[in-house]
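K.L.:
Got a structure for you, written out below as structure tokens; questions coming shortly.
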Amino acid sequence: PERSRTSSMYTRVIRISLFGAALLASYVMFRPAWTWLDESVFFFFNSRLAPGTLFLNVVAYTNKRLFDVITLLAMGGLYCWHFLRKDNYGRRIMVCLGVTMLLAGVIIKQAGVLIPISHPSPTLALENINRLTQLTDIATKDAARDSFPGDHGLMLMIFAAFMGRYFGRRTFAIAA
């Protein structure tokens, strides 16, 4: 039973890796289609930014550095909830898992510079757009010179993947 479980795990890893490689290859081969999709999604949401709306305030507050701290605390809370439910042996495993997650995040982020894909935020590259800083008095960020891959989104995806792998679908859904 253990051998088939390990084989199944490797099969899933290979499938996910092939899916990722296929996505990257499709981006390289069909970049105009991906650019159109990217810009369409951006314009869909950007066109809904209007002064005094709840949506504008939500977007502005979630683009503040404070929101990064809130997501870090939420991730830590979910991790601690699982940590506190373990015995001493399980907690040692959790410490190793935490270090592995951090190392994976750093390595994947550093490896991201090897991906020959980079672009600025749409707010710097596109015209006729709504900018948060012009629509609200909330101190927020609305642009970055290099927004792909994004640091915070990447770390959140890594965290969610580890949570899903080691703590199940329910925890993955909460993390995601």
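The values are calculated or read from the model by the stated rules, or taken from the named source; none is laboratory data. As the structure is a computational prediction, the values presented were derived from the model and not from experiment. Glycine also receives a Cβ, built like all others from the backbone with ideal geometry; neighbour counts cover every protein chain displayed. These area figures cover heavy atoms from the full protein model, side chains too; ligands, DNA and RNA do not enter into them. Shrake-Rupley method; radii C 1.70, N 1.55, O 1.52, S 1.80 Å.
K.L.:
Looking at the stretch 47-57, is at least one residue free of Cβ contacts under 8 Å to residues at least 12 places away in the same chain, under 20 Å from residue 124 (Cα atoms) and either out of contact with any strand residue (DSSP E or B) (no Cβ under 8 Å at 6 or more places or on another chain) or open to solvent by less than 100 Å² (accessible area, probe 1.4 Å) (or both)?
P.N.:
Taking the stretch 47-57 as the starting set, the residues that turn out to be free of Cβ contacts under 8 Å to residues at least 12 places away in the same chain are 48, 52-55.
Adding the requirement that they be under 20 Å from residue 124 (Cα atoms) leaves 48.
From what's left, either out of contact with any strand residue (DSSP E or B) (no Cβ under 8 Å at 6 or more places or on another chain) or open to solvent by less than 100 Å² (accessible area, probe 1.4 Å) (or both): 48.
Yes, the stretch 47-57 has at least one match.
K.L.:
A follow-up question, please. Given 104, 125, 175, 161, which one is among the hydrophobic types (A, V, I, L, M, F, W, C) and either more than 15 Å from the chain's Cα centre (by Cα) or more than 23 Å from residue 9 (Cα to Cα) (or both)? Spell out the reasoning first.
P.N.:
On the way: 104 fails: either more than 15 Å from the chain's Cα centre (by Cα) or more than 23 Å from residue 9 (Cα to Cα) (or both); 175 fails: either more than 15 Å from the chain's Cα centre (by Cα) or more than 23 Å from residue 9 (Cα to Cα) (or both); 161 fails: either more than 15 Å from the chain's Cα centre (by Cα) or more than 23 Å from residue 9 (Cα to Cα) (or both).
Every option except 125 fails the conditions.
K.L.:
Let me ask you something else. Do we find a residue being out of contact with any His (no Cβ under 7 Å at 6 or more places or on another chain) and at positive phi anywhere in the stretch 46-56? Reasoning before the result, please.
P.N.:
Filtering the stretch 46-56 down to residues out of contact with any His (no Cβ under 7 Å at 6 or more places or on another chain) leaves 46-56.
Filter again for at positive phi, leaving 52.
Checked the stretch 46-56: at least one residue is out of contact with any His (no Cβ under 7 Å at 6 or more places or on another chain) and at positive phi.
K.L.:
Out of the stretch 124-153, which residues are at pLDDT 80 or above and either touching a Leu at 6+ places or on another chain (Cβ under 8 Å) or among the aliphatic types (A, V, I, L, M) (or both)?
P.N.:
Keep residues of the stretch 124-153 that are at pLDDT 80 or above, which gives 125-140.
Answer for the stretch 124-153, where residues must be at pLDDT 80 or above and either touching a Leu at 6+ places or on another chain (Cβ under 8 Å) or among the aliphatic types (A, V, I, L, M) (or both): 125, 126, 129, 130, 132, 135, 136, 138, 139, 140.
K.L.:
Residue 22 - would you say it is open to solvent by less than 80 Å² (accessible area, probe 1.4 Å), over 21 Å from the mean Cα position of the chain (by Cα), over 19 Å from residue 162 (Cα atoms) and at pLDDT 90 or above?
P.N.:
Working: open to solvent by less than 80 Å² (accessible area, probe 1.4 Å): yes; over 21 Å from the mean Cα position of the chain (by Cα): no; over 19 Å from residue 162 (Cα atoms): yes; at pLDDT 90 or above: yes.
No; evaluated as a whole, the condition is false for this residue.
K.L.:
Please go through the stretch 26-38 and give me each residue that is open to solvent by less than 70 Å² (accessible area, probe 1.4 Å) and modelled with pLDDT under 90, ordered by number.
P.N.:
If we filter the stretch 26-38 for residues that are open to solvent by less than 70 Å² (accessible area, probe 1.4 Å), which is where we start, we get 26-27, 33, 35.
Once the filter is applied, which keeps residues that are open to solvent by less than 70 Å² (accessible area, probe 1.4 Å) and modelled with pLDDT under 90, the stretch 26-38 yields 27, 35.
K.L.:
Which residues, counting only those in the stretch 108-123, are surrounded by 14 or more Cβ atoms within 10 Å (Cβ to Cβ), of a type in the set (Gly, Ala, Ser) and outside any helix (DSSP H, G or I)?
P.N.:
Listed by number, the list holds a single entry, 121.
K.L.:
Report, by residue number, each residue of the stretch 86-138 that is over 24 Å from residue 157 (Cα atoms), without any contact (Cβ under 8 Å) to a residue 12 or more places away in the chain and of a type in the set (A, V, I, L, M, F, W, C).
P.N.:
Within the stretch 86-138, 125 is the sole residue that qualifies.
K.L.:
Would the stretch 163-172 turn up any residue that is under 30 Å from residue 40 (Cβ atoms) and open to solvent by less than 50 Å² (accessible area, probe 1.4 Å)? Step through it out loud before you land on a result.
P.N.:
Here is the first cut: in the stretch 163-172, the residues under 30 Å from residue 40 (Cβ atoms) are 164, 172.
Still in the list and also open to solvent by less than 50 Å² (accessible area, probe 1.4 Å): 164.
So far as the stretch 163-172 goes, yes, one or more of its residues are under 30 Å from residue 40 (Cβ atoms) and open to solvent by less than 50 Å² (accessible area, probe 1.4 Å).
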